[in-house]
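Notes to accompany the following structure.
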């Protein structure tokens, strides 16, 4: 006798997740369509921080924009500093001294390490691997102390200047970096032992959030999100800037384009960044770290306080701003989350006429619904974590 099982009536449920959810950074809201625990669709609202980055910059002189760039991606502010300064320098048609270019590479890679440790540590913690989260925060603190020794600040550093840097590296910088990297490598080895054969972690991230090469390219994804699909695009290789063409490093790639590949790509990039820093320190040339051009470079404080020429130069540059030739320019660097580009328009005055940022994590969020469709509600947080959304970048 054939028996039939009567199907239970199904119902699509609409649910709002965030922005008060602990994992959504206080701004993100996921408008979900669910069938039980399965995600049928997800409409993402990135929300607002109400910072008004672009318009704030247009009310400031060129030099005063640098503190605003710190707040774009506060996990890697030095890369933001470098990207903006180099965009203005391209418009000015100037090149910074060799030592400055090497130091910019060093601080950018330290910032990338800091960014990836933050992303991977918090993502592991959100999956229950809180020991890994603590370990990576320890490693991040080691990097932060180096950044603090160089810039004088831990987070919003404002270290780069148009035409150079605020000041040179401390005298014992090589030793600080060597000791820190030794500990960071040891910590990452411990994390590898905790995670690489951990069945729970692997099951939670493997084959979750998968996105194809074609879809990733169609959405304009860059950085670890794109490289996890197997596409070898890195601004440092594709369009080298500073002294990256003199550095030997690899571009880690994934295969499936899932959360596991994104995690592994970031961890491998930490080692490549440490390689770059070590090479740059060995080849670091002597010389100035700032252009000697009074029309662009702010004078040293000693000259400002002790000479009328220095005081007048400082006054003119701060009150009127650098006179940047009229025109428009786009310049991109490889940020922690991908291609970080600055589009700048100048009308020849001391202030930017227009500034627009290409924020990699904002573009990553546009593809989130493609990653999460068909997965479970529990997969939303780890997938969102692997995008590494930064609210300062997403604010329009």
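Please determine, by comparing only the residues of region 34-59 that are crowded, with 17+ Cβ neighbours inside 10 Å and touching a strand residue (DSSP E or B) at 6+ places or on another chain (Cβ under 8 Å), which one is nearest to residue 88 (Cα to Cα).
Going through the qualifying residues, I end up with 57.
Which ranges mark the helices (runs of 4 or more DSSP H) fully within region 270-388 that have 3 or more residues being without any contact (Cβ under 8 Å) to a residue 24 or more places away in the chain and either surrounded by 20 or more Cβ atoms within 10 Å (Cβ to Cβ) or touching a helix residue (DSSP H, G or I) at 6+ places or on another chain (Cβ under 6 Å) (or both)?
Details: elements: 301-306, 308-319, 360-366, 368-372, 380-387.
Fully inside region 270-388 and qualifying: 308-319.
The conditions are (1) in contact (Cβ under 8 Å) with a residue 24 or more places away in the chain; (2) under 30 Å from residue 376 (Cβ atoms); (3) touching a strand residue (DSSP E or B) at 6+ places or on another chain (Cβ under 7 Å), and residue 82 fails exactly one of them. Which is it?
All conditions pass for residue 82, except number (2).
Among the residues of region 98-126, which ones are farther than 30 Å from residue 195 by Cα and either crowded, with 19+ Cβ neighbours inside 10 Å or touching a helix residue (DSSP H, G or I) at 6+ places or on another chain (Cβ under 9 Å) (or both)?
Those that are farther than 30 Å from residue 195 by Cα and either crowded, with 19+ Cβ neighbours inside 10 Å or touching a helix residue (DSSP H, G or I) at 6+ places or on another chain (Cβ under 9 Å) (or both): 99, 100, 101, 102, 103, 104, 105.
Quick check on region 174-202: of everything there that is surrounded by fewer than 14 Cβ atoms within 10 Å (Cβ to Cβ) and not in a helix (DSSP H, G or I), which residue is nearest to the chain's Cα centre (by Cα)?
196
At least 3 residues that are under 18 Å from the mean Cα position of the chain (by Cα) in each: list the helices (runs of 4 or more DSSP H) lying fully within region 7-123 that qualify.
Per the criteria, 66-70, 77-92.
Assess whether residue 230 counts as being in contact with a helix residue (DSSP H, G or I) (Cβ under 9 Å, 6 or more places away or on another chain), assigned to a loop (DSSP other than H, G, I, E, B) and surrounded by 21 or more Cβ atoms within 10 Å (Cβ to Cβ).
No: the conditions fail for residue 230.
To keep it simple, each residue is scored yes or no on (1) closer than 22 Å to residue 112 by Cα; (2) outside any helix (DSSP H, G or I); (3) without any contact (Cβ under 8 Å) to a residue 60 or more places away in the chain; (4) out of contact with any strand residue (DSSP E or B) (no Cβ under 9 Å at 6 or more places or on another chain).
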{"position": "204", "(1), (2), (3), (4)": "no, no, no, yes"}
{"position": "214", "(1), (2), (3), (4)": "no, no, yes, yes"}
{"position": "224", "(1), (2), (3), (4)": "yes, no, no, no"}
{"position": "236", "(1), (2), (3), (4)": "yes, no, no, no"}
{"position": "245", "(1), (2), (3), (4)": "yes, no, yes, yes"}
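Computed from the coordinates by the stated procedures, all read-outs in this text should not be read as laboratory data. Everything quoted here is computed from the prediction, not taken from an experiment. All Cβ positions, even for glycine, are placed from backbone atoms using ideal geometry, and neighbour counts span all protein chains on display.
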